[in-house]
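Q: Once you've had a glance at the structure underneath, I'll fire off some questions.
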Amino acid sequence: MALNVADIITDPEVYSAQRPGARTRILPVRAERRIRVGDMLLFEFENEQTLHYQVQEMVYTERLRNSSEIAHEIDIYARLLPSSHTLTATVFIELDVLETVRLELERLAGVQRSIRLEVDGIPVPAEEIPGPDEDPDVLSPTVSVHMVRFTLSDAARDAFRDPAVPVELVVDHPAYNEATPITGATRTSLIADLALRG
């Protein structure tokens, strides 16, 4: 599983013609991999399709043509590729009232470090994936978008791949304590990620 420069359309006119079809194809994929936890946190689990789309959109909107620039974008997004023991997600903190965004983010400080999977009672804590210019040893502030990685042990992975085993996505924060079971098509899609090599 990989993202490649050769798979990215660099001609904006060519991609512009294909863009509506690309959006139509990716919408159900993203919807299937989306989990809402409570009323403010939305998780979108990434895979090669979602990340390819995001790179392609970035190249198109930024009008990137140089292969080294495109390779740089791919390197940024490739950190979010899932693997046989890893699931990744983009976390959106959805705040509707512009005037209270700063106060709400202060209230939710550290929420990105309060996320875990519960796989048949096995806790799998989320690890925040720092931005490319961030120091991984320095805690990032709480903003409206975060990227996280769940690294599963062999036991947790095997349990997750059994649809009969209960799995929940949990946020356990003093100001936000919610959980949502992972079931149905979303579970099936994430099980496919864990069937990957690597």
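The values are calculated or read from the model by the stated rules, or taken from the named source; none is laboratory data. What you see is a predicted model, and the numbers here were worked out from it, not measured in a lab. Note that we place each Cβ from the backbone using ideal geometry, even for glycine, and neighbour counts take in every protein chain shown. The protein model used for the area step is the full one, side chains on, heavy atoms only, and it has no ligands, DNA or RNA in it. Shrake-Rupley method; radii C 1.70, N 1.55, O 1.52, S 1.80 Å.
Q: Tell me, what % of the accessible area of the chain is carbon and sulfur with a 1.4 angstrom probe?
A: 52
Q: GNM on the chain, C-alpha springs below 10 Å: top fluctuator among GLU99, GLU128, GLU118?
A: Ranking GLU99, GLU128, GLU118 by mean-square fluctuation puts GLU99 first.
Q: So what are the ³J(HN,Hα) numbers for region 177-187, from phi and the Karplus equation (6.51, -1.76, 1.60; θ = phi - 60°), rounded to whole Hz, Gly and Pro as x?
A: 10, 9, 8, 9, x, 9, 9, x, 5, 5, 4
Q: Provide the per-residue ³J(HN,Hα) series for region 45-53, in order, calculated from phi with Karplus coefficients 6.51, -1.76, 1.60 and θ = phi - 60°, each as a whole number of Hz, with x at glycine and proline positions.
A: Karplus-based 3J(HN,Hα) across region 45-53 equals 7, 8, 8, 4, 5, 5, 6, 4, 4 Hz.
Q: I've got another one for you. Over the chain, average the accessible area per residue using a 1.4 Å probe and give it in Å², no decimals.
A: 53
Q: How high is the relative contact order of region 59-175, in percent, counting Cα pairs under 8 Å that sit 6 or more residues apart?
A: RCO, region 59-175: 32 percent.
Q: So for the chain, averaging the separation of alpha carbon pairs under 8 Å that are six or more residues apart and normalising by length, what relative contact order in percent results?
A: Reported as a whole number, the value is 25 percent.
Q: Pick out, from PHE45, VAL101, SER114, the residue whose Cα sits farthest towards the positive end of the charge dipole of the chain, with +1 on the Cβ of Lys and Arg and -1 on the Cβ of Asp and Glu.
A: PHE45
Q: A further question follows. How large is the accessible surface of VAL165 in square angstrom, using a 1.4 angstrom probe and rounding to the nearest 10?
A: Surface accessible to solvent at VAL165 totals approximately 20 Å².
Q: Largest first, how would VAL119, VAL97 line up by accessible area (1.4 Å probe)?
A: The most accessible residue leads, giving VAL97, VAL119.
Q: In whole angstrom, how far apart do the alpha carbon centroids of region 108-169 and region 35-83 sit?
A: 18
Q: Sticking with this structure for a sec: Could you list the trypsin sites (Lys or Arg not before Pro) in region 54-161 that lie in coil according to DSSP, counting only those with at most 11 other Cβ atoms within 10 Å of their Cβ?
A: Qualifying residues, ordered by number: ARG63, ARG65.
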